[in-house]
Amino acid sequence: MRALLNKIFLRKLGIGKFTLSGVAFLVGFTLVLLSLQGYFKLTDVISPKKNPSNYIILNKEVGFTNTIFGARAQFTPDEILEFRKQTFLDDFGVFRSSQFQATAHLGGDLGFYTELFFESVPTQFIDNKPATFVWEKGDNFLPIIISQDFLNLYNFGYAMGKGTPQLSKATIQLVPLTVVIEGPGGRQAFKAKVVGFSERISSILVPEKFLTWANKTVAGVDQSQAASRVIVKLKSDQSAAFDDYIRKHSLKISDEKQKFNKILTTINVVMSVLVVIGTAFMIFALVIVMLNFSLMVAQAKDEVSLLLQLGYKTTHLVRHLLSYLIIFLASAVLLSLLAFILGNQMLVTFFADSGMDISTAIHGKVIGVAVAFVVLSFAVSFFAITRVVVSVNR
């Protein structure tokens, strides 16, 4: 029977149309999977679960008097003490700033030299804090944590302008630094490395013990009297009281959260457009396939009617036509998955060159979407083919 059905249908099968629809399905399916993979991976990097929104960084507004009279826009000890007493706080920490000159040197082909500033903050506020982020008096090694923003500034600003290599997170942690600090108390040099990256805090962080020692010993400054910025962890139900407090005291919220929201909004729009385009390609492909099946059955109407009169059941014809569909979908999906794997590797490489490390592992939601698309495509096609064959029997 299979040989007879193949003889009837294959000579009427539009190979060119099937090929066109297969390419369209491949492009659409690959585009959908890649856009979702990129979206889910980037959102994991940009807005990780370890960066909850109830952590907020505050600073004072820099005004005209700060510029003219040189007054520091910082929190006084009394203001810090008052702030700590607020009932809407779950935790409270202060930033300390370096009061000495600091420079960093990179040897080798990079030839990098820059002035630096350092800040410190209580360790419980640092996200992604590595175990090596510690310092004791007498240590010659200085661990440093930087934000992703600083790495982006180097990769897309300094590196592109100076022609130096761009660095991924993994690479920059292998680069040895020499940090030199100078002040009235003398000059000290330390071996240093970047040991981690903070998504929560946009700064160059060093251990509190180091900054306290350096400010006191090298800069000759008692830094316990004031704070450049503060970081707070809010109680989940106290946002209204917090908003009222910062409005009364004219405090400025760091815009990291708003920045993440804008980035995620842009990514969401781009992802949505790509998914819509990919889905449209897949629908276009399936429509062509269904039209091709309808045309094929219509051209073989006399033969199909004769077979039905001879006792062949409709289910036999449907199963045979579905075998063509299964071969089509299996081939298109397999090639799409191969294209997706290649494209995913290219995405990982691209973002690594941009300073963002994302894993090559396929996101679980992407696998779920892929299975759902294949099942839905088969179900719709099965229903359409059944209707085509049944219509011939009427």
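Yes or no: residue 339 assigned to a helix (DSSP H, G or I), buried (at least 16 other Cβ atoms within 10 Å of the Cβ), in the same structural domain as residue 42 (by TED's automatic domain parsing) and at pLDDT 80 or above? For residue 339, the condition - assigned to a helix (DSSP H, G or I), buried (at least 16 other Cβ atoms within 10 Å of the Cβ), in the same structural domain as residue 42 (by TED's automatic domain parsing) and at pLDDT 80 or above - is met.
Among the residues here, residue 138 qualifies as without any contact (Cβ under 8 Å) to a residue 60 or more places away in the chain and either on the phi > 0 side of the Ramachandran plot or touching a Gly at 6+ places or on another chain (Cβ under 6 Å) (or both). Against the condition in the same structural domain as residue 154 (by TED's automatic domain parsing), basic (Lys, Arg) and at pLDDT 85 or above, how does residue 229 come out, does it pass? Spelling it out, it is not the case that residue 229 is in the same structural domain as residue 154 (by TED's automatic domain parsing), basic (Lys, Arg) and at pLDDT 85 or above.
Determine whether residue 231 is at negative phi and in a strand (DSSP E or B).
Here the answer is yes, as residue 231 does meet what is asked.
From the list 86, 124, 74, the lone residue that is modelled with pLDDT under 85 and within 30 Å of residue 249 (Cβ to Cβ) is 74.
Of all residues in the stretch 155-176, those that are outside the structural domain of residue 348 (by TED's automatic domain parsing) and without any contact (Cβ under 8 Å) to a residue 40 or more places away in the chain have Cβ atoms under 9 Å from Cβ atoms of residues that are polar (S, T, N, Q) and part of a loop (DSSP other than H, G, I, E, B), 6 or more apart or on another chain, in 159/166; 160/166.
Return yes or no: is residue 40 among the hydrophobic types (A, V, I, L, M, F, W, C) and modelled with pLDDT of 70 or more? Yes.
The set of residues in the stretch 161-201 being surrounded by 13 or more Cβ atoms within 10 Å (Cβ to Cβ), outside any strand (DSSP E or B) and over 23 Å from the mean Cα position of the chain (by Cα) consists of 164, 175, 185. Annotation: residue 302 fulfils all but one of (1) at pLDDT below 75; (2) surrounded by 14 or more Cβ atoms within 10 Å (Cβ to Cβ); the unmet one is (2). Scanning the stretch 309-326 for any residue that is in contact with a Ser or Thr (Cβ under 9 Å, 6 or more places away or on another chain), within 16 Å of residue 29 (Cβ to Cβ) and modelled with pLDDT of 75 or more turns up at least one such residue.
Each row is one residue, and each column tells you yes or no for (1) closer than 24 Å to residue 83 by Cβ; (2) in contact with a Leu (Cβ under 7 Å, 6 or more places away or on another chain); (3) at pLDDT 70 or above.
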| position | (1), (2), (3) |
| --- | --- |
| 237 | yes, no, no |
| 243 | yes, no, yes |
| 253 | yes, yes, yes |
| 261 | no, no, no |
| 270 | no, no, yes |
| 273 | no, no, yes |
| 276 | no, no, yes |
| 282 | no, no, yes |
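The values are calculated or read from the model by the stated rules, or taken from the named source; none is laboratory data. Keep in mind it's a predicted model, so treat the numbers as computed, not measured. Note that we place each Cβ from the backbone using ideal geometry, even for glycine, and neighbour counts take in every protein chain shown.
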